[in-house]
Amino acid sequence: MTKKILITGAAGFLGSHLCDRFVNEEFHVIAMDNLITGDLKNIQHLFDLPNFEFYHHDVTKFVHVPGKLDYILHFASPASPIDYLKIPIQTLKVGSLGTHNLLGLAKEKKAIILIASTSEVYGDPLVHPQSEEYYGNVNAIGPRGVYDEAKRFQESITMAYHRFHGLETRIARIFNTYGPRMRLNDGRVIPAFIGQALRGEDLTVFGDGLQTRSFCYVSDQVEGIYRLLFSNCVEPINIGNPDELTILDFANEIIKLTGTSQKIVFKPLPQDDPLQRQPDIAKAKKVLGWEPQVSRSDGMAATYNYFKQLSKEELFKSEHKDFSKHIRR
Ligand code: UDP
């Protein structure tokens, strides 16, 4: 019998790649998104398939799915520092109220639910690399606090549903992930640098550029999530690529990759921008038999190819999303 899976945030970057994977694995995929930050162009190639359907719905409202449901992947959330600044309350609501609704749905349907958590639960980490045992160093009231605390609450309520209701739950702590379908103008460093190179602008490095990140290619991330869903691992697990580098070195890599003759300019470091980030993936290796396969040079080449084929209009328009119509005062 065909297994049915609900994927929230389905029109977003990670959500759309997960839709592809589960459609290809012959699941019946129910995709859900309120399209505040997601974009239908990421999933339109799936619309005509018999095992794919899309619901335009905001999961902070009661979520109804008719019939049986075997799995839920909760990937709905703004996921870039610019989004948290523009839509802080939606960010808090989708991680808290949205997660509550989806846990309730999972309980009703006896479905296994996997929630997308984040390396942001470690905040600006004082322990390096970050293992799952580390409790984090988060500023609850800073600009990133709306995301960090929503995700920490999300982990907490998910564990409570597991312990109190016996729900089958999984928690993926997702570290920086990149690839085709990232939003060009969401402010994240990879689309920012590639967009700047393609437009012939200087590359904006924040702070002194000595802060570090570790970038995971999307196909590796999807494989990790897939394995986690079908494992019996209830405790949170890091999924990311430990290959760490400074943002300044990364900017220089982008200059080489794109052949741009532009230079690097330095801008102020945003508040609470973590100084270092690298996942400890010992647990994922042991429990899921998973580790990243795609090198940064291969992953970045594929990502650059994706951005290169965008139209001039897409490349030059500033943030195309107008959030204002979604905001109720
Ligand atoms: N960053 C940068 N220039 C940009 C955009 C981002 O130097 O134009 C830096 C940012 O300050 C951070 C790193 O790149 O240190 C990664 O930022 P991103 O927003 O991609 O992810 P996050 O901070 O959530 O890891």
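Before moving on, here are some points about what is shown:
- Restricting attention to the range 56-83, the residues being over 17 Å from Ile174 (Cβ atoms), surrounded by 13 or more Cβ atoms within 10 Å (Cβ to Cβ) and within 20 Å of the chain's Cα centre (by Cα) number 6.
- Among the residues of the range 30-55, those that are loosely packed, with under 13 Cβ neighbours inside 10 Å and of a type in the set (D, E, K, R) comprise Lys41, Asp48.
- For the range 10-22, filtered to residues that are open to solvent by 10 Å² or more (accessible area, probe 1.4 Å) and within 16 Å of Tyr226 (Cβ to Cβ), the residue that is nearest to the chain's Cα centre (by Cα) is Leu14.
Residue by residue, here is whether (1) open to solvent by 70 Å² or more (accessible area, probe 1.4 Å); (2) within 16 Å of the ligand (Cβ to nearest atom); (3) over 25 Å from Met159 (Cβ atoms); (4) under 21 Å from the mean Cα position of the chain (by Cα) holds:
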| position | (1), (2), (3), (4) |
| --- | --- |
| Ile239 | no, yes, no, yes |
| Leu245 | no, yes, yes, yes |
| Thr258 | no, yes, yes, no |
| Gln262 | no, yes, yes, no |
| Ile281 | no, no, no, yes |
| Asp298 | yes, no, yes, yes |
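- Asp148 vs. criteria within 16 Å of the ligand (Cβ to nearest atom), open to solvent by less than 20 Å² (accessible area, probe 1.4 Å), within 15 Å of the chain's Cα centre (by Cα) and modelled with pLDDT under 95: no
- Some residue of the range 99-108 being within 16 Å of the ligand (Cβ to nearest atom), out of contact with any strand residue (DSSP E or B) (no Cβ under 8 Å at 6 or more places or on another chain), open to solvent by less than 40 Å² (accessible area, probe 1.4 Å) and not in a strand (DSSP E or B): no
- Filter result for Ile254 (among the hydrophobic types (A, V, I, L, M, F, W, C), over 18 Å from the mean Cα position of the chain (by Cα), at pLDDT 95 or above and crowded, with 19+ Cβ neighbours inside 10 Å): yes
- Taking every residue in the range 77-100 that is within 18 Å of Leu114 (Cα to Cα) and hydroxyl-bearing (Ser, Thr, Tyr) and pairing it with any residue that is open to solvent by 40 Å² or more (accessible area, probe 1.4 Å) and modelled with pLDDT of 95 or more, at least 6 positions away or on another chain, the pairs with Cβ-Cβ distances below 8 Å are Ser96/Phe153; Thr99/Phe153.
- Residues located in the range 264-279, provided they are in contact with a Ser or Thr (Cβ under 9 Å, 6 or more places away or on another chain) and either more than 25 Å from Ala172 (Cβ to Cβ) or open to solvent by 70 Å² or more (accessible area, probe 1.4 Å) (or both): Ile264, Val265, Phe266, Lys267, Leu275
- Of residues in the range 171-190 being within 10 Å of the ligand (Cβ to nearest atom) and aliphatic (A, V, I, L, M), the one nearest to Leu257 (Cα to Cα): Ile190
- Qualifying residue in the range 191-203 (condition: in a strand (DSSP E or B), within 12 Å of the ligand (Cβ to nearest atom), touching a Gly at 6+ places or on another chain (Cβ under 8 Å) and in contact (Cβ under 8 Å) with a residue 12 or more places away in the chain): no
- Scanning the range 204-214 for residues that are more than 9 Å from the ligand (Cβ to nearest atom) and more than 23 Å from the chain's Cα centre (by Cα) turns up Asp208, Leu210.
- Within the range 182-234, being surrounded by 21 or more Cβ atoms within 10 Å (Cβ to Cβ), under 22 Å from Leu73 (Cα atoms) and not hydrophobic (A, V, I, L, M, F, W, C) holds for Arg183, Tyr217, Gln221, Gly224.
The values are calculated or read from the model by the stated rules, or taken from the named source; none is laboratory data. Keep in mind the model is a prediction, meaning the values are calculated, not measured. Here the Cβ is made from the backbone with ideal geometry for all residues, glycine too, and neighbour counts use every protein chain on show. Keep in mind that these areas ignore ligands, DNA and RNA; they rest on the heavy atoms of the full protein, side chains included. Shrake-Rupley method; radii C 1.70, N 1.55, O 1.52, S 1.80 Å.
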